[in-house]
Amino acid sequence: MKTFTSALLKGASFLLFLIPLRSLAQPATGTTGFDNNVGTLAATGISPQAGTVDGYTFTLYSGANAEITNLTSQVNLTTTPAGSGVWQFASVESSDGSNFKLDNFRFKVLSAPFIGKNLSVIGYKDGLAVSGAFTISPTITATNTIYTVDVSAITGFYNVNEFRIQPSGFNSQGTLAIEDITIQLPLVLPVKWVSFDVKPGKGEHQLQWSTTEEVNLAYFEIEQSSNAKDFKPVGRIKAASSQQGTVRNWRFNYPAGEGIFFYRIRQVDTDGRFQFSGTRKVGGAAELSIAVFPNPVFIELQVAGVAPGTKVQVLDAGGRAVGSMLLDTRLKLNMAALPAGHYAIVFELATGRQVRWIYKN
């Protein structure tokens, strides 16, 4: 929010509006170590608190008070007071709203409650989570030890203007320090994925996918695996001319074999850049068509495809259980009390466990 103050000039009939105090600088490409503007960037106060330095705006959300400081070439994000100032999440964005490609950032913790946890990192653009822009940091094992989160190869972070970090536990308190951030100019990939699905047919596997924003697209390469790790190409479809913004539907059939198979699509640009679709499984025991929506969710998550009485467990991004229940006839989960972040919804079925991933805003 931009706040303007006004002063009535003596003897004049108009208002003088002052320039907002927040500096809207653009972050520099390469690595920024935050050597400038050392001191308190945000006075300690009720969450959230925000501070801007070197083209980045840092905002910390906590259960009580928050403070942003820039000391010894690092930005400290601190919850206060001890015992009640529990971390929720922090936002790091370009202060002028410009887009960037996030390569990596380095951090350390100065407080023991972070030990044993990790950070979920989610990319955003204009306030909305970007599909595929998600990773988990290394597990924090000690204070004053520098950890690196490298997302340079994750295409979801190629064109964002914000990323958010959230500890995997709900009892993290004290200070997390950002040592430096490395960004590059944003990259706009030639394809935006809309959907991808694989279904069994008569003696074949039927692949269907939809894309939009096709610019400089060369071809799609279809890849298959029997273990979801070692993929081999089994087909290629040359791109057709398409107008930007048009949704195109694609199909590819491949002879079915015995057992379980995994498929993914490698989309290749005319300059050699590429990105993968998600991976889809086909074959083996049939899975129930469980759906959860809306995704992202704000308050209530609706479930479809399972019966009342099904046991459901909710895990955070670090695999820790944060909730468990039996579904009633409404088939709804109340997510309102959970902090923003990625969660696994685990359904305990007679045929085994099924998992659906959602994002809580």
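The values are calculated or read from the model by the stated rules, or taken from the named source; none is laboratory data. Keep in mind it's a predicted model, so treat the numbers as computed, not measured. As a convention, Cβ positions derive from the backbone with ideal geometry for all residues, glycine included, and neighbour counts pool all protein chains shown. For accessibility, only protein heavy atoms count, side chains too; no ligands or nucleic acids. Shrake-Rupley method; radii C 1.70, N 1.55, O 1.52, S 1.80 Å.
Compute the distribution of all C-alpha to C-alpha distances in the chain, in bins of 10 Å from 0, and list the percent of pairs in each, rounded to whole numbers.
With 10 Å bins starting at 0, P(r) equals 5, 20, 26, 24, 16, 6, 2, 1, 0.
How much accessible area per residue does the range 60-200 have, in Å², with a 1.4 Å probe?
Heavy-atom SASA per residue in the range 60-200 reads 37 Å².
Take peptides 226-237, 260-271 and line them up by average Cβ neighbours within 10 Å, highest first, as a rough protection proxy.
On the way: 226-237: 12.2, 260-271: 18.1.
Ranking the peptides 226-237, 260-271 by packing returns 260-271, 226-237.
Over the chain, what percent of the accessible surface lies on carbon and sulfur atoms, probe 1.4 Å?
On the way: 9570 of 18020 Å².
Of all accessible area on the chain, carbon and sulfur atoms account for 53 percent.
Please compute the volume of the convex hull spanned by the alpha-carbon atoms of the range 66-189 and report it per residue in Å³.
Working: hull volume 12.8 nm³, N = 124.
So the per-residue hull volume is 103 Å³.
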